[in-house]
Structures are given as C-alpha cells and as structure tokens.
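Below: the structure, in structure tokens.
The values are calculated or read from the model by the stated rules, or taken from the named source; none is laboratory data. Quick caveat, the model's predicted, so the values are computed rather than measured. Neighbour counts run over all protein chains shown; Cβ positions are idealised from the backbone, glycine included. What goes into the accessible areas is simple: the full protein's heavy atoms, side chains included, and nothing from ligands, DNA or RNA. Shrake-Rupley method; radii C 1.70, N 1.55, O 1.52, S 1.80 Å.
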Amino acid sequence: MKTTHVFLLLAFFSFAMMEAQIKIGENPQNLDPSSVLELESNTRVLVITRMNTTQMENTTPLQGAMVYNTDTQCVHFYDGTQWINPCDRPDEQTFSADAIVNDNPTIEITENGTNFNFEVGRIRGENVVPTSLNGQVHIQAGSVTGAQIQDASVSFDKLGIGTTSGELLQWNGTQWILVDESALAVTEADAIIGNEVVGPADATLVLSGTGIDTDPFLLDVNNGGINTNELADNAVNSQKIGDGQVGTLDLANDAVTNLKMADDAVDTDEIVDDAVTAAKIDVSVAGTGLNQAANGSLEIDNSNINPDWTNITSIPAGFADNVDDNTTYTAGTGITLTGTTFSVENTGIAPDWTNITNIPAGFADNTDDNTTYSAGTGITLTGTTFSVDNTGLAPDWTSITSIPVGFADNTDDNTTYTAGTGITLTGTMFSVDNTAVAPDWTNITGIPAGFADNTDDNTTYTAGTGITLTGTTFSVDNTGVAPDWTNITSIPAGFADNTDDNTTYAAGTGLTLTGTTFSVNNLGGDILGAPNATVINNDAVTLATIADGTANGQVMQWNGTDWVLVDDSALDVVDEIALSGQVAAATGVAGAYTINNAAITPTSVIQLTVQENNPGNPIMIQLVNQLAGQFTVQVYEFILGTPTPTNANWHYIVLAP
C-alpha cells in the first residue's frame, strides 16, 4: 500500500518558537495570546463571502462556514450537513399535539417553549390494512433504517458482491466505498516501527536509538543545545539564574527594560556587587520626583515632589505643633463662625437682584420666558392654568377622606341589583344568558362593510381533513375520515360486541402474527430482491448491525465472489521507499543540487528536509525540476529577510508512485 505525501520543510527547529497569530487593523501590538486572527477598527468592518441561494447551496464547505445570502439578506452557517438560516424563525406558526380524528396518531408533536418536535409515533395494527404488507412490493425504498435491523443480523451473505478480488470496504467521510487494498495508506512504509525519524537539523537536539521495534529513534535536547534563539522573552526567571551569576559584562547598556524582566525575577541575590552602574540603568527607571542625569545617575525633581508634612524638618515655631495659633478670623455679613467653622447664614442674606451678575438671558427682563410646563396624569393645562382631570384620576381609596357611612366598611351594603332580559344573576355574579339573547340585526351598529348587504362576501372557507368543498357545498370525504366507533350507529350485529368474529388474517412475508397482533420481523434473515434493492435505507447498516468477526484485527475483503474475513497481517503491504540519501553541503553549487538515479520517475513523491546553517536564519529547500531518472533542488537561506542561494546539508526520500 502506498502513501502519497509531499513535504516542503523549512528548517523545522528554527521555526518551533513562531506563533501562528495574525492581527489586522488598529493596535497590532495588542494581540490576545488565545487568538488565531483578530480584527480591530473603529471605521471599517469585516465583510464575509456574499452569495445568492443557488451559489450557496452548490457549495459544501467545512462545518462552521459562514456566508451572507444576498437573497435572504441574512448570514447563513453550515452545520456539516446543510446551510442554516438563523433569521428564519416561524414564530407565527402553532401546532397542536392533541389528536383530532385519530385516537392513536402515528405522528407525535412535542412542544418545548417556541419549538416543536415532530416524530413518527408507533404504527399500530389499526393503521395497517390487513394483508397489505409485502416485503418485495410494499416496503418503501429507504424505509428500513438501522432501528429496524437487528444487531449482528447483517452477515457477509447480505452484502452486495464486489467488483474485483481483494477489494475492501472503506469509509471515505461520506459513504462506504470499494477500494483495492493497494490504495490504502500505510503509515509504516517498511513495516518497522520507530525508524522514520531523520535529523536532527542542528545541535539543539540529539538523536539516539537504532530505529528498530525494540530500539526506536528518540530525540532529546542536547547538553548546551539551548541558546538565545531557543529562549522566548521572559523565559529566564529568578529560578533559572544562579545566585550572583549576572555581572556588569553580561548586561548591555540599556538592556535591562521592563519587557526583559519577568515579574520579581531579579532581586539582590542575583546582582553582583557594583554590577549596576549608571550606564546600566534605563531611563524608564526614573519615576515621579526623579530625573536621570546625562551620566545615568538619578536626581531629585523638586517640581514634581509632594512632600509629607511629617517628614519636613526646620518647621517654623508657629507651625511646629501643626496648629496655626496666630491668625485671627471674624465672620462678616451672611456668615457665622462657630469655633473654627464658617457657615453661610441664609437668614442674613438678602441679595439685591440689581447687583447679581451673569443672569441668564431668559431672566434678564425679570420674567421667566423659557420654562415650559406640561400636564401630567390627572391634570389638564389650559393656557397657564392647571386643572384636575377627573377622568384621568385613579384615586387610592385608603387616601380618600369623608367617605359616606354606607361605604366606610369598604362594602356597598345598600344598593340592590336585579338581572334584566338576557342576563342572569347568581349571588353577586352577572352572566349573559345566551338562550334569552336575540339581538335585532337592524339595531346593530358598526357592521363591517363585507356584511352590510346581509351577505358574507369575504370569508374564505377551505376543506379540512375528511371534508371536500365543491363550490359552496361541503361534503364528508369518507376516504379521509377516521370515525369514532362509539359514535357510529346501525353497526351490523357481527360487530356490535366490538369484536370482528368472522374475518381471518394471515401473516405475509416479513410479518409475524401472534394471536391478533401483527409485528414486522427484524431483518435477521434474507431480504428478497436484487442486490441493489433500496428497501434498506442508506446508512442503515451500522457497525452494530454487522455480524461479529471471529478474531481480533480482522477486516472484510472481497475475494471476487464473496465478502470474507481476513487477518490484517495477510494484506499485501508494498514498501514505498524507492530511494533515500543524505547530501553534503559541499557538493552543491550556489545551493543547486541534482540527484541522478533510475528509481526516480516523473510521478515519484519526493520528501525533502534541510539542515539550518546559521541559528536564527530560516532556510528553505525547493524541488525545481523532476524527470525520469533525475530531480533538481534549490536551497535558499533568508539573510536579513532576503532569500539567498546557499549550500547546506540536506536529506531526501523518494517514494514509489
């Protein structure tokens, strides 16, 4: 069996630390670590794919795909099976789960809030016409699903024949298909576990093991293999640094910034004596009240200091006790002084309107011209006069005063009521007496226009279940009526006891009859009909319905006549690797290499890996030509972001087509 893979590898270990994240728009420096893609803008928006309904339904994307449907003007999403329109919510529809014409309905409706669930109920004997089921004729195509097939009842004899000896059943993600065993992808190309590891690409890792089942290849971090390129920002914290190991020579000028320092990572024990000089201190160290001089030293910035009184020295004697003992204050007009507290004396203030400044324009003529009043609930406003609107009042009984004595106990004890024509009175409850009401049509007002000519011209009638409508005449449709037995009259004597004593029933193909009960047989035996018969629904043959195998690891294989069980070790496994080799850097010219071998064909699958030259410089190998007996590659090293042809050590594997 053959595996078809194409590899184009970019110095794997050089890119191990890269993060696959993208941000488009504003503030690209702010990217949440959990985001794959972020969009940020105050003026622009994301516009997703736009299609009409036909274009959308002709597309079968991955589950979760979204598209804007220009016909429905709504965003649709794909649930893996169909396109869903979340804007389509038939809230105006209602359904009833109550039976109307059939006491034993075959469809059940379950209401859950605003949703309705429709399910097929139990099909009873009364719903099936006697002797009407025939497995070859009357079982509807696709009606036999997994629920009707008994577990382990589908044996090899029930499966359709294959087309070629050696075929296998394989699930392709949508359906079961027949494939030749040579088309299966085998991960272990040479049947040996553990020998597919190549490399390492540089001294960061070390490879051990011989590549056999009992001693597989292992990759481990080499001693001293981790250098600056392998360390992420903030990766070295105080636990990773030995005490006293960071000296002046280890720090570049201005190298100690907040970004490079993990929280609480460096304390006194990690800094060598005299290691922090003025040149090592970054300008960001100087906070409020400090300046950094040209030589790197810190100076006090008096202009930004807010001193603490308790820390000030040489305070004059008058203030030394924290009390101003010398200044004397008195209260003037409109102000009172109690102890050391001044207050405004409102009773003593009489401001002169003519002396008030900054009066709003609306008051400058001594008239309030601008304020607008409106009448609230229970009040009317006419001109500038407010009045109580009794029609809009809903007074609180408990707040009303001077209530007459007859109502003081909250009960109307004195008024007597009687029922007039068309009304009945029971206790204190009045009701309309429909039997006595005979309204005069000529006295009714506000009759709709459609009835003004005494004819109902507008109402439209339709015939429901069990009724036909011809012109204006309704008739009972006996073919659609399921009458209630208890309401039927003139029942023949033979049925008067509710028992059919005379009719004889027999079970046909696919049915069993026990007493008076018919049951559909589980499909444990033969299903009659052509091999392509459609009485078994698609996807009905599940793993549970296939008969058990006889040994662990068996697969089903078509031998040209029947489906048979075979052990997976009996499958024909073809070694795919036709050629492999390691190429030294010195054999190339400006990164170009050519391999000549008769095992190479124009359709061979070629896997390439390349070793990094300089840490931090990405490297790429590209297949540029492939002919019978020959292929050519080109190696590029990205130097300061520019791809440059260069020689490097590399490895290749040629797989048979």
Subset of region 386-396 [surrounded by 10 or more Cβ atoms within 10 Å (Cβ to Cβ) and part of a helix (DSSP H, G or I)]: G392
Residues being open to solvent by 40 Å² or more (accessible area, probe 1.4 Å), of a type outside the set (S, T, N, Q) and over 25 Å from E576 (Cβ atoms): count how many of those fall in region 634-657. 7
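Can you tell which of A547, A507 is modelled with pLDDT of 70 or more, surrounded by 12 or more Cβ atoms within 10 Å (Cβ to Cβ), aliphatic (A, V, I, L, M) and under 40 Å from the mean Cα position of the chain (by Cα)?
Working: A507 fails: under 40 Å from the mean Cα position of the chain (by Cα).
Going through A547, A507 in turn, the sole match is A547.
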Do you know which of the residues in region 220-243 that are part of a loop (DSSP other than H, G, I, E, B) and of a type in the set (A, V, I, L, M) is surrounded by the fewest Cβ atoms within 10 Å (Cβ to Cβ)? A232
What is the one condition in (1) of a type in the set (G, A, S); (2) surrounded by 10 or more Cβ atoms within 10 Å (Cβ to Cβ); (3) at pLDDT below 75 that G287 does not satisfy? (2)
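Identify all residues within region 409-446 that are assigned to a loop (DSSP other than H, G, I, E, B), among the polar types (S, T, N, Q) and under 30 Å from T398 (Cα atoms); write none if there are none.
First, pick out the residues of region 409-446 that are assigned to a loop (DSSP other than H, G, I, E, B): 409-422, 427-428, 433-440, 444-446.
From what's left, among the polar types (S, T, N, Q): 410-411, 414-416, 418, 421, 428, 434-435, 445.
Selection gives N410, T411, N414, T415, T416, T418, T428.
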Can you tell me which residue in region 550-572 is least open to solvent (accessible area, probe 1.4 Å), limited to those that are in a loop (DSSP other than H, G, I, E, B) and modelled with pLDDT under 70? L571
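What about F631, is it surrounded by 16 or more Cβ atoms within 10 Å (Cβ to Cβ), free of Cβ contacts under 8 Å to residues at least 40 places away in the same chain and under 41 Å from the mean Cα position of the chain (by Cα)?
Details: surrounded by 16 or more Cβ atoms within 10 Å (Cβ to Cβ): yes; free of Cβ contacts under 8 Å to residues at least 40 places away in the same chain: yes; under 41 Å from the mean Cα position of the chain (by Cα): no.
No: the conditions fail for F631.
Under the condition of being of a type outside the set (A, V, I, L, M, F, W, C) and open to solvent by 50 Å² or more (accessible area, probe 1.4 Å), which residue from region 195-215 is modelled with the lowest pLDDT? Show your work before the answer.
First pass over region 195-215, keeping only residues of a type outside the set (A, V, I, L, M, F, W, C): 195-196, 199-200, 202, 204, 208-211, 213-215.
From what's left, open to solvent by 50 Å² or more (accessible area, probe 1.4 Å): 196, 208, 210, 213-215.
Numbers: E196: 62, S208: 81, T210: 75, D213: 69, T214: 77, D215: 79.
Going through the qualifying residues, I end up with E196.
Within region 252-266, does at least one residue satisfy the condition of being at pLDDT below 75 and not in a loop (DSSP other than H, G, I, E, B)? Spell out the reasoning first.
Initial filter on region 252-266 (at pLDDT below 75): 252-266.
Then drop every residue that is not not in a loop (DSSP other than H, G, I, E, B), which leaves none.
For region 252-266, residues at pLDDT below 75 and not in a loop (DSSP other than H, G, I, E, B): absent.
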Being modelled with pLDDT under 75 and surrounded by 10 or more Cβ atoms within 10 Å (Cβ to Cβ) is the filter here; which residues of region 438-455 pass it? G450, F451
Take the residues in region 598-628 that are over 22 Å from D202 (Cα atoms), surrounded by 13 or more Cβ atoms within 10 Å (Cβ to Cβ) and of a type outside the set (A, V, I, L, M); name whichever of them is modelled with the lowest pLDDT. S604
Count - residues of region 352-385 that are open to solvent by 100 Å² or more (accessible area, probe 1.4 Å), aromatic (F, W, Y) and either more than 57 Å from the chain's Cα centre (by Cα) or under 30 Å from G334 (Cα atoms) (or both): 1
Within region 289-334, which residues are under 30 Å from T347 (Cα atoms) and in contact with a helix residue (DSSP H, G or I) (Cβ under 9 Å, 6 or more places away or on another chain)? T333, G334
Can you run down the residue pairs with Cβ atoms below 9 Å, 6 or more apart or on separate chains, where the first is in region 423-437 and at pLDDT 80 or above and the partner is acidic (D, E)? I423/D433; T424/D433
